[in-house]
1. Tally Lys/Arg at +1 and Asp/Glu at -1 over every other residue whose Cβ is under 14 Å from the Cβ of Asn66; what's the total?
2. Over all pairs of distinct alpha carbons, what does the Kirkwood formula give as the hydrodynamic radius of region 385-506, in Å?
3. First select every other residue whose beta carbon is under 13 angstrom from the beta carbon of Arg299; then total the charges, Lys and Arg +1, Asp and Glu -1.
4. Once you have the Cα-Cα distance between His98 and Glu154, take 0.36 nm times their residue separation minus that, and quote the gain in nm to one decimal.
5. For the chain, what are the per-bin percents of Cα-Cα distances with bins 20 Å wide, up to the bin holding the maximum?
6. Whats the longest run of the chain with zero GluC sites (Glu not before Pro) that are DSSP loop and have at most 13 other Cβ atoms within 10 Å?
7. For the chain, what is the calculated [θ] at 222 nm in deg cm²/dmol (nearest 500), taking -39500 (n - 2.57) for each run of four or more DSSP H residues and dividing by its residue count?
8. Using square roots of five times the C-alpha gyration tensor eigenvalues, list the equivalent-ellipsoid semi-axes of region 32-165 in whole Å, biggest first.
Amino acid sequence: MKLSTSLATIALLTPMAAFALDFSPHQVYSDVRPQAKEAAAVYLLTNEQVVRGYGSGYFGISRSVNRAEFLKMAIASLGSDMPGFDAGKGASCFADVHAEDWFSSYVCAAKANDWVKGYEDGSFRPSQTVSYGEALKMMTIMYNYRILAAHQGEHWAEPYYRAAADRHVDVPMVIRLDSPLTRGQVARLVAAFMAEKAGALDAFRLAEAGLSASSASSSASNSSSSSSTSSVASSSSSSSSSSSSVSSASSISSSSSSVASAASLFTIPVRSHFLTAGTKTDAIADGMVRMNGETGFIRAAQIKLFAEVSAIKSIDLVKDDGTVIASLVQRTTADSADYKQIYEAFLAPGLDYSLPQDKDVHIIARVNVRSIDDNGAANQLLEVRSFTITTYGVTSGNTITNVFPIPFPKHQTSFGRMTRIERAMPATGTLASGASQMLAAFTFSGSMVTGRSLAINQLIFTPVTSGQVEVRGWTLRNPVTGDYVMCSSGSDGITCPNISDAMGLMNNKTVTLQLWGDVTVAGANNSLQLNLMTRGTPTELGSVQWTDHSGNYRWIEADVPVATGTLWK
């Protein structure tokens, strides 16, 4: 039986806050430790009869979840008071979903309500493992979240991720949108949506952190005594400006174009950076503040991260000329489950930063990274979840919380970084048939923390050819050490994996590697060029992978293409 849209709406609007959510371990599973991050979610979903464990007394916390299983859990999370929905009556609504399938009633109900659409070939693929992006899409649509349009060139699931993150129901750990989810991760996601709907998200996050709800206390705000408090949010935030009185005394905007005076100090627009131990970094986030019709002051600032980054010592707010406005330090009071992800500063009168009337002030956030001797750490992902600045208007007396537009780039801590990649042979050459020819050579340069070393561990070359050119026997060599690895040709390009430390190590901060192959050409107008095309990101594979011997990195800071090889023709 199909579930009507009107019934789905009723289910979505049912006030779950009418009953308390129960995170207690009434049923104990052998594979769920009480202190595990997944425990509170597993107990909640079990107590609300959204999920059950397996007959042998375990939950299957590490098992994968297919699309049909996830959809059943998601629909069950909406509540059992959905009139007209019969889990025992199925239908055939996709090419691979038939009435006799156990999951057909859930899939077909979701299709009837436009929660799922399936694939272009008419299938739903119920047995396919659900990805994080797919799970976010289904949940945000089911729970009627506000979903904004995608930005050009971003992952298809980013709008659904932002919709979830804006309401803090995303899984608070680093998961790629294409990554398959485990039952434990699915439990955390579904439970967060349920808790947010019931007005109990803070209590749930505390339970995840192993804290009781009674340990949560409200932090005193420096703006609580002001005559007027409002929130100004950009269109990329899920916070609706209609829910608060938007004062004309302050406004914010994204710094989406280059700021000339910042060019020598910071990379603007902000892009992903390596946060090297013991340094003050490039910009990790930025935005504009403007006082409209009056002068004012910055009274407070807060940056909240998606996950704790222990390598951060503090976060400086600076103007684009490098003037430090305030230093944000990590919150120390356990007033929320994610307090270690919050960096903030409160500026007392006389120490607060003045803002001129009717003039944009560019605010930049940079990180002071701990040195190795000060518990510095590599391979930690830093991503800003929210960035707010509280301003005070001199004339109006209004205190306004300005919310900078999201998303912000991801960054990664390290003990060094790649600084330059250069072609190490002539720009052009003559292409001819022949065995064992050197077709590309690049010199890789890097900088590193004292006592640490860098090494290349994988390269992916992008071939650009014309005419009739065939190359076999791809080999990457170090001309100094004589070490080599065999490379393979595929849809991603020429991949040279498993480069040994002896071969890829940057002695004197550089290493040169050469790509060789057996060439066969026929006819005329042939050409071949081998390039390193893609810089990658902290979560996406690029052409150059390297290590600082504490972490392995899949990207570099560079323009695209990263480096072009010799043009053979």
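1. Details: positive: Arg63, Arg67, Lys72, Arg125, Arg183; negative: Glu69, Asp96, Asp101, Glu134.
Net local charge, Asn66 excluded: +1.
2. On the way: mean 1/r = 0.0524 Å⁻¹.
19.1 Å is the Kirkwood radius here.
3. Numbers: positive: none; negative: Glu344, Asp352.
Its environment carries a net charge of -2.
4. Numbers: separation 56, 0.36 × 56 = 20.16 nm, distance 3.49 nm.
This chain segment gains 16.7 nm when fully extended.
5. 18, 43, 33, 6, 0
6. Details: sites that count: Glu100, Glu120, Glu154.
Longest site-free region, per DSSP loop and neighbour criteria: 155-569.
7. Numbers: 9 runs with 85 residues, N = 569.
When only DSSP H runs of four or more count, the value is -4500 deg cm²/dmol.
8. Working: eigenvalues 114, 93, 43 Å².
Over the Cα atoms of region 32-165, the ellipsoid semi-axes are 24, 22, 15 Å.
The values are calculated or read from the model by the stated rules, or taken from the named source; none is laboratory data. Here the structure is a predicted model, which means the values were calculated and not measured. Don't worry about glycine lacking a Cβ; one is built from the backbone with ideal geometry, like all the others, and counts go over all protein chains shown. Heads up: the accessible areas ignore ligands, DNA and RNA and are worked out on the full protein's heavy atoms, side chains in. Shrake-Rupley method; radii C 1.70, N 1.55, O 1.52, S 1.80 Å.
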